[in-house]
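A.B. asks: Let me give you the structure first, and then I'll get to my questions.
Every number here is computed from the coordinates shown, using simple stated rules; none is lab data. It should be emphasised that the depicted structure is a prediction, and the values quoted were computed from it without experimental measurement. No Cβ is skipped: glycine too gets one built from the backbone with ideal geometry, and neighbour counts run over all protein chains shown.
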Amino acid sequence: MSNYGVLEGKAQAAAVAALQESLVEFVRISLDAKQLHWNVGGREFKPLHEQLDSLADSSRSWYDDVAERIVAVGGAADGSAPAVAGVDLPAVPAGPVPATEAIAHVVRVLAQVGALVRSRLEPLGESDLVSQDLLIGILAEVEKHLWMFRVQL
Ligand SMILES: [Fe+2]
């Protein structure tokens, strides 16, 4: 079936795969950010509580854009709980979380996801420059959040 000149064949499959992997990672970031937004404690509670909410907002917009790109190129986005549960990232600390531990977790996850997204950029450029451009823009924001958390360690 024609994909109206958007993407087809191997290029389509490769782009959808790279976007899908990024999609579930961004959902994981949003879940971890909210979990820590609620449970973080310590003297720096208020700014950290707000910073974590800003990360949650950013990551929601990242995964929404990525999911919509998947569908725009003819794929199907999977942001279901089982798909997100399969993401290989360190588990968010349970219960009340001291500020330093919360920051360290966010730094680990953002650094890991940032490196994964970066590693997808070149191969993705071979299949679809538009999807590559989308992930480049998101990566700049991931790295900006990473900076703003890591300087607090
Ligand atoms: Fe809130």
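A.B. asks: Can you give the alpha-carbon Rg of the chain over 2.2 N^0.38 Å, where N counts its residues?
C.D. replies: Working: Rg = 16.4 Å, N = 153, 2.2 N^0.38 = 14.9 Å.
Cα Rg divided by the expected 2.2 N^0.38 Å: 1.10.
A.B. asks: For K34, go through the lysines and keep the ones whose alpha-carbon is under 27 Å away, minus same-chain ones fewer than eight residues off.
C.D. replies: Excluding near neighbours in sequence, the set is K46, K144.
A.B. asks: Given the DSSP H assignment, sum -39500 (n - 2.57) over each helix run of at least 4 residues in the chain and divide by its residue total; what's the result at 222 nm in deg cm²/dmol, nearest 500?
C.D. replies: Values: 5 runs with 115 residues, N = 153.
Mean residue ellipticity at 222 nm (helix-derived): -26500 deg cm²/dmol.
A.B. asks: Taking the simple approach of a point 7 Å from Cα along Cα-to-Cβ for both D57 and I136, what is their distance in nm?
C.D. replies: My value for the distance between the label points is 2.7 nm.
A.B. asks: What shape does the stretch 14-102 take by its C-alpha gyration tensor, where a ≥ b ≥ c are the square roots of the eigenvalues and a/c under 1.5 counts as rounded, a/b above b/c as prolate, and the rest as oblate?
C.D. replies: Values: a/c = 3.65, a/b = 2.19, b/c = 1.67.
It is prolate, given that a/c is not under 1.5 and a/b is the larger ratio.
A.B. asks: So if I place +1 on the C-beta of Lys and Arg and -1 on the C-beta of Asp and Glu, and nothing else carries charge, what would the dipole magnitude of the chain be about its Cα centre? I want it in debye, nearest 20. Numbers along the way, then the final one.
C.D. replies: Numbers: 12 positive and 20 negative charges, 85 e Å.
That gives a dipole near 400 debye.
A.B. asks: Under 1.5 on a/c is rounded, so check that first for the stretch 1-43, then, if it is not, pick prolate when a/b is larger than b/c and oblate when it is not; a ≥ b ≥ c are the square roots of the alpha carbon gyration tensor eigenvalues.
C.D. replies: Values: a/c = 6.64, a/b = 4.58, b/c = 1.45.
Prolate shape, in that a/c is at least 1.5 and a/b is the bigger ratio.
A.B. asks: Same structure, new question: Under a Cβ-only charge scheme (Lys and Arg +1, Asp and Glu -1), can you give me the dipole magnitude of the stretch 86-153 about the Cα centre, in debye to the nearest 20?
C.D. replies: Details: 5 positive and 8 negative charges, 61 e Å.
The dipole magnitude comes to about 300 debye.
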